[in-house]
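Written out below as structure tokens is the structure these notes cover.
The values are calculated or read from the model by the stated rules, or taken from the named source; none is laboratory data. Just so it is clear, the structure is predicted and the values come from calculations on it, not from any experiment. Here the Cβ positions follow ideal geometry from the backbone for every residue, glycine too, while neighbour counts run over all protein chains shown. With ligands, DNA and RNA removed, areas are computed over all heavy atoms of the protein, side chains included. Shrake-Rupley method; radii C 1.70, N 1.55, O 1.52, S 1.80 Å.
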Amino acid sequence: MEHLRCVVERITYQNVENGYSVIKCRAKGYQDLVTVVGSMPDVHVGSVLYLGGSWRIDGKYGRQFAMETFEETLPATVYGIEKYLGSGLVKGVGPKFAGRIVKQFGADTLNVIEEDPDRLLDVVGIGKVRVERIKKSWQEQKEIKNIMLFLQSHDVSTSHATKIYKTYVNDSIKIVQENPYRLADDIWGIGFKTADTIAEKMGFDHEKYTMLKRKSQFTALVDIAGEELIAHIPTTNRIGDVENKNLPCLLSYHDDLKRKLKYDIEAVLLSDDENWVGINQILSNRLVEYFFNEHELDEIVSDFDSVQREVNLGISKLDFKVGDTYLEVKTPLTTINVKYGKDIKTLPPKPFSSTDRMVKHLKELAGSLEDHEKAVFLQVFQYRITEKKERLRSTHYEEVSETFKAASEAGVEFWEVQMDFRPEGVTLYSVTRSKDL
């Protein structure tokens, strides 16, 4: 890893949600300003940074320093202090008052603000209200830096540290110390593996989860580091033809006093590789919305300004309207197209019924094509398909089959996506147009 010590001269771009920034810096040994990119929350003009990362050549923007780690120190020169204070970092101090304060206290300015801020009353134009505002803002900035320093000291990446701070603000350190596993549930982009890694750095024992047996349609007995607890199962259906006993599982934690059960089983491992099978069918819609907003599903619908959830169409309520396209999502679990591991036990096929809801939604999608150019039926597989199996037929197979055929002939497009579920998070694996209806 290379290192760069620099002073921020200009902030070209900064995303307030994730902290991603593009900044121009003056660095020793470089005549021109250096472009630095990476997650740097609350960095301001005049900040003195010590960066770790590597140089890269961007095809459009040229040479950039891709930041991986950073430390911020206070400026030491009078010029740097004035620029730092006047950047908007401290509420109540703009360029004009920054100049007056530095003129009054010189190189000792930051010590005055830190240790004896009431001395600011000696500066012309600064009264008690402004001093109180400066005190509060300075303390907030210190808190942010302390939190970021604490998280980075436990090997939390700057991008994850930014998300943690944006979610928990001043409670960040307390929550991470008390229960780092909350991160996986509360923060999108931080999965079980990341939370586990942070937990280990904090001194927590690494926890293994096993779904011991299904107790009811909605609950299962799970083993968490030797302790048996009841967890919620977010699907009422069977998980394919698998016996729900002694299955490795991924859990999400919910710190909600209104909930009786604190854990949900999100995925189970049925293969001898890391091909986890997601079983939370409600989660599919959240994932689809995310991947559309990230433009990873442009192959399905690319021209849209908004992604709407739960939209009315006729007498139905469909899952999405993406731009001008109505879209319905289904997450089939009756057949699991995964090559099972040697220890997985199966059960005889059990008859099941297709709901009238599916038939109704397919008819509504087909009807929408009278006024809209496109309609989509999307199947979401929360796993990677590794072994195509014969699909179980429902007791209403003939009716459902005819409805699918009629919808296809009317112009409804059928698509399927596969996702890669892992302890560290979920990624999109494939997007294909369905041929087998």
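The condition of being under 23 Å from R391 (Cα atoms) and aliphatic (A, V, I, L, M) holds for only one of I344, I300, that being I344. With respect to the conditions (1) closer than 13 Å to L110 by Cβ; (2) of a type in the set (F, W, Y); (3) exposed (fewer than 14 other Cβ atoms within 10 Å of the Cβ), Y84 falls short on a single one, namely (3).
In segment 341-354 there is no residue matching the filter, namely being of a type in the set (D, E) and open to solvent by less than 50 Å² (accessible area, probe 1.4 Å).
Only one of the numbered conditions (1) open to solvent by less than 70 Å² (accessible area, probe 1.4 Å); (2) without any contact (Cβ under 8 Å) to a residue 40 or more places away in the chain is violated by P75, and that is (2).
Condition check ((1) more than 21 Å from L247 (Cα to Cα); (2) modelled with pLDDT under 95) across all residues:
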site: N275; (1), (2): no, yes
site: R286; (1), (2): yes, yes
site: F291; (1), (2): yes, yes
site: L318; (1), (2): yes, yes
site: L327; (1), (2): yes, no
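Being part of a helix (DSSP H, G or I) and either at pLDDT 80 or above or acidic (D, E) (or both) holds for only one residue in T162, T167, T194, and it is T167. Per the listing L392, L313, L327, the residue uniquely in contact with a Pro (Cβ under 8 Å, 6 or more places away or on another chain), of a type in the set (A, V, I, L, M) and in contact (Cβ under 8 Å) with a residue 12 or more places away in the chain is L392. Of all residues in segment 242-256, those satisfying the criterion of being within 24 Å of the chain's Cα centre (by Cα), farther than 15 Å from G226 by Cα and surrounded by fewer than 20 Cβ atoms within 10 Å (Cβ to Cβ) are Y253, H254, D255, D256. Just to be sure before I move on: is I233 modelled with pLDDT of 90 or more, within 23 Å of the chain's Cα centre (by Cα), open to solvent by less than 30 Å² (accessible area, probe 1.4 Å) and closer than 18 Å to P423 by Cα in the structure I sent? Criteria met by I233. Just so you know, in segment 87-135 the residues that are basic (K, R) and either open to solvent by less than 30 Å² (accessible area, probe 1.4 Å) or within 35 Å of the chain's Cα centre (by Cα) (or both) include one that is nearest to I23 (Cα to Cα), and it is K91. Being closer than 22 Å to I187 by Cα and surrounded by 14 or more Cβ atoms within 10 Å (Cβ to Cβ): is that true of L283 here? Criteria met by L283. Among the residues that make up segment 292-299, is at least one of them in contact (Cβ under 8 Å) with a residue 12 or more places away in the chain and more than 19 Å from V380 (Cα to Cα)? Taking every residue of segment 292-299 in turn, none turns out to be in contact (Cβ under 8 Å) with a residue 12 or more places away in the chain and more than 19 Å from V380 (Cα to Cα).
For segment 289-324, filtered to residues that are open to solvent by less than 20 Å² (accessible area, probe 1.4 Å) and of a type in the set (A, V, I, L, M), the residue that is nearest to R433 (Cα to Cα) is I300.
Just one residue in the set L327, L362, L369 is surrounded by fewer than 17 Cβ atoms within 10 Å (Cβ to Cβ) and either hydrophobic (A, V, I, L, M, F, W, C) or out of contact with any Cys (no Cβ under 8 Å at 6 or more places or on another chain) (or both); that residue is L369.
Under the condition of being more than 13 Å from H44 (Cβ to Cβ) and either touching a residue at least 60 places away in the same chain (Cβ under 8 Å) or exposed (fewer than 12 other Cβ atoms within 10 Å of the Cβ) (or both), the residues counted in segment 1-12 number 4.
Per the conditions (1) charged (D, E, K, R); (2) open to solvent by 40 Å² or more (accessible area, probe 1.4 Å); (3) under 24 Å from M358 (Cα atoms), the sole criterion not satisfied by K262 is (3).
The set of residues in segment 13-41 being modelled with pLDDT of 85 or more and open to solvent by 90 Å² or more (accessible area, probe 1.4 Å) consists of Y13, R26, Q31, D32. The combined condition, being over 18 Å from the mean Cα position of the chain (by Cα), surrounded by fewer than 16 Cβ atoms within 10 Å (Cβ to Cβ) and modelled with pLDDT under 80, is fulfilled by D205.
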